[in-house]
Amino acid sequence: MLPMEVLERAQSEMLSYGDSGMSVMEMSHRTPEFEEILHGAESALRELMSIPDNYKVLFLQGGASTQFAAVPLNLLSSHKCADYVVSGQFSKKAYLEAKKYGDVVIAASSAGASPTFSTVPVTTKSSFRPDADYVHICFNNTIYGTKFNYIPDTENIPLVADMSSCICSEPIDVSRFGLIYAGAQKNIAPAGLTIVIVREDLIGSAREDTPAMLDYKLMADNDSMYNTPPCWCIYMAKLVFEWILSIGGLEEMKRRNEKKASLLYDYLDGQKYYTAPVDRKCRSIMNVVFVTGDAELDKKFAKEAAEAGLKNLKGHRSVGGMRASIYNAMPYEGVVALVEFMKKFAQENPKLGSDEL
Ligand code: PMP
């Protein structure tokens, strides 16, 4: 979802941005109007996330998946080795991609948890090789509904985090990370934009054969405009950042997100019809996973929920069950409606041998 206020603002500027006589969709990126949009988006994000001055903000394309390759190409510089924490499908994909470029190992994994990836691995600084060029984590595991409840201590090794499904959902100390990347399509803008926030000293040591489009230095030196950037997405991102600032910034965003997530988790914890299979200590506040324990009932749930206007509740095809993605723009009322539907569904579909109804 995108915030209604943002969609309305975009609608009001759709045919002519300011007095340009053009839609942002029609605009060349080499215009003063677009430069103002790009710089406005960057400064709003810097303010929102309190990004220190020694970090660059890049507006790129290719989705988070392209960063799975860009990160090792740029950062495997000194020892050509990196350590990955595998806590779900995307961190596994990131690891498999990075392995093509150097000595890359899994330092910790929660694949063996039951159910698989229902928790995040606990790490200490001794989990990582002292000569690793970086450590990679996925901060919020979209498919499994888990989130790191701590920032791994990597001592002096730069920590790289995929924050695709939690960026801007709560305050985060950017200075604890060497690099943060995120596909924009969950919390920031329509699909097509990828944000990279990278500490300056990590820029400029890319492998010689790094494709130009993946070279952070080239992108930083050209202000994310080495080629045509995703202009419309950057414009929408600016509106979203300004919207979050207008409601009170990331502290307020966190308060709203926790309120929504608590409503759902409290309901799940207070009944027995549905099960939340995730370790309570690392429950995501963005993606809430639950199951009935019966695959046919799960299917029926997702179908009837969609008919009732509650869309996209089917869990990822690799895990099944249900997943409520309650990103920033989902209003509290949306979660209230979901919980009401869950109660009604449980009443109308008693499970054999179930004593809770
Ligand atoms: N990482 C995470 C945590 C994700 O949730 C996703 C997409 N759902 C990706 C990476 C892949 O992102 P993209 O589709 O932008 O390549």
* For segment 127-138, indicate whether the set of residues that are touching a residue at least 60 places away in the same chain (Cβ under 8 Å) and assigned to a loop (DSSP other than H, G, I, E, B) is non-empty. => no
* **Of residues in segment 247-290 being farther than 30 Å from residue 123 by Cβ and free of Cβ contacts under 8 Å to residues at least 12 places away in the same chain, the one surrounded by the fewest Cβ atoms within 10 Å (Cβ to Cβ)** => 270
* Structure fact -> Among the residues of segment 93-113, the number that are crowded, with 18+ Cβ neighbours inside 10 Å and among the charged types (D, E, K, R) is 1
* Hits in segment 175-206 - residues which are more than 16 Å from the ligand (Cβ to nearest atom) and either more than 27 Å from residue 152 (Cα to Cα) or without any contact (Cβ under 8 Å) to a residue 40 or more places away in the chain (or both) -> 176, 204
* To do: Could you tell me whether segment 40-47 includes any residue that is touching a Leu at 6+ places or on another chain (Cβ under 8 Å) and touching a residue at least 24 places away in the same chain (Cβ under 8 Å)?
  => yes
* Asked: Consider residue 46 against the criteria (1) part of a strand (DSSP E or B); (2) under 15 Å from residue 234 (Cα atoms); (3) not small (Gly, Ala, Ser): it satisfies all of them except one. Which criterion is unmet?
  -> (1)
* Structure fact -> Considering segment 90-107, residues that are in a helix (DSSP H, G or I) and more than 15 Å from residue 160 (Cα to Cα), and then whichever is nearest to the ligand (Cβ to nearest atom), we arrive at 96
* Structure fact -> If you go through 95, 144, 150, the only one that is aromatic (Phe, Trp, Tyr) and within 16 Å of the chain's Cα centre (by Cα) is 144
* In segment 72-89, what residues are part of a helix (DSSP H, G or I) and away from the ligand (no atom under 12 Å from the Cβ)? -> 72, 73, 74, 75
* Which of (1) away from the ligand (no atom under 16 Å from the Cβ); (2) not in a helix (DSSP H, G or I) does residue 258 not meet, given it meets every other one? -> (2)
* To do: Kindly indicate whether any position in segment 125-132 is in contact with an Asp or Glu (Cβ under 9 Å, 6 or more places away or on another chain) and within 16 Å of the ligand (Cβ to nearest atom).
  => no
* Find the residue count for segment 5-39, including only residues that are without any contact (Cβ under 8 Å) to a residue 24 or more places away in the chain, in a helix (DSSP H, G or I) and exposed (fewer than 13 other Cβ atoms within 10 Å of the Cβ). => 5
* Can you name every residue in segment 73-90 that is buried (at least 21 other Cβ atoms within 10 Å of the Cβ) and either within 19 Å of the chain's Cα centre (by Cα) or within 26 Å of residue 145 (Cα to Cα) (or both)? -> 82, 83, 84, 85, 86, 87, 88, 90
* Structure fact -> In segment 164-174, anything surrounded by fewer than 24 Cβ atoms within 10 Å (Cβ to Cβ) and within 16 Å of the ligand (Cβ to nearest atom) is listed as 170, 172
* To do: Evaluate segment 275-283: report whether one residue or more is within 21 Å of residue 41 (Cβ to Cβ) and among the aliphatic types (A, V, I, L, M).
  => no
* Asked: Within segment 308-337, which residues are part of a helix (DSSP H, G or I) and buried (at least 18 other Cβ atoms within 10 Å of the Cβ)?
  -> 335
* Within the bounds of segment 209-218, is there any residue that is in contact with a helix residue (DSSP H, G or I) (Cβ under 8 Å, 6 or more places away or on another chain), away from the ligand (no atom under 16 Å from the Cβ), touching a residue at least 40 places away in the same chain (Cβ under 8 Å) and small (Gly, Ala, Ser)? -> no
* To do: Would you mention how many residues in segment 42-52 are surrounded by 17 or more Cβ atoms within 10 Å (Cβ to Cβ) and farther than 12 Å from residue 245 by Cα?
  => 2
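Taken together, the values in this text are just the output of simple stated rules run on the coordinates, not laboratory data. All figures in this text were calculated on a predicted structure; none of them were measured in a lab. As a convention, Cβ positions derive from the backbone with ideal geometry for all residues, glycine included, and neighbour counts pool all protein chains shown.
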